[in-house]
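Taking it in order: structure first as structure tokens, then the write-up.
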Amino acid sequence: GRGFAIATALQKTEVLGSALIGMVLIQDVLSPADWLGAALGTAGVTLMARVSVDRAALHAALAGAGAGFLFAISGVAYRAATQAWGGDAWVAAAAGLSSTRAMQTLGGGVLMFAFAPNAMRELMRAWRASLVPGAAGALSSALLFTGFAMGPSAAAVKTVQLVDVIIAWGVSRRFFSETISLAELFDAALVLADPLEVLLL
């Protein structure tokens, strides 16, 4: 629904958060093009959310912005971990990804066993259905960590990652046969310009 769209869009404010947090915590050096991309990307996804004044939309906006802040911190931390590993960037990315996923799996499993054992049983029964999305998620995480290990900054990687907003937006419009307004096309073009600007400048 609308709340999901708002929360998902504002979660992407992590791009600007990654730039600011990375600069403060790990001394990431961003070029003018990186700063421009982060700023335009944040503006684009905020416009795509188009937050209304009703309570549900405001709650979704707060949840999305909070998630964006936490994702920004985690992204910078992931980059710091790959940088601290040293040596080959591919090995650093694999080590960072493996340790992170192991901690997430252990922590999530303990919480589910403790507070939602029925959900855990249902999850185990549906393991076949989770193979394709799980493999896709693992591959995307591997590519993300590789980007953190090789890229100039966490913010630059997150800016290029904004292409997923356009893909998800386009697929949802196509799937639900929704019309696209000129304002929405402008918002999408603004978001799409950011990864292109970072890659080309």
*Mind jotting down the distance between the C-alpha centroids of the stretch 131-167 and the stretch 68-92, whole Å?*
12
*Mind grabbing the accessible area of residue 121 for me, 1.4 Å probe, Å², rounded to tens?*
120
_Just to verify a number: what accessible area does residue 70 come out at with the full protein assembly present, 1.4 Å probe, Å² rounded to tens?_
110
*Using heavy-atom solvent-accessible surface (probe 1.4 Å) with all chains present, what is the largest-first order of 73, 21?*
73, 21
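Give me the number: length gained by fully extending residue 132 to residue 88, i.e. 0.36 nm times residue separation minus the C-alpha to C-alpha distance, one decimal in nm. Could you put the intermediate results ahead of the total?
On the way: separation 44, 0.36 × 44 = 15.84 nm, distance 2.92 nm.
Once the chain is fully extended between residue 132 and residue 88, it gains 12.9 nm.
The values are calculated or read from the model by the stated rules, or taken from the named source; none is laboratory data. Values in this document were obtained by computation on a predicted structure and should not be read as measured data. The accessibility values were calculated without ligands, DNA or RNA, using every heavy atom of the protein model including side chains. Shrake-Rupley method; radii C 1.70, N 1.55, O 1.52, S 1.80 Å.
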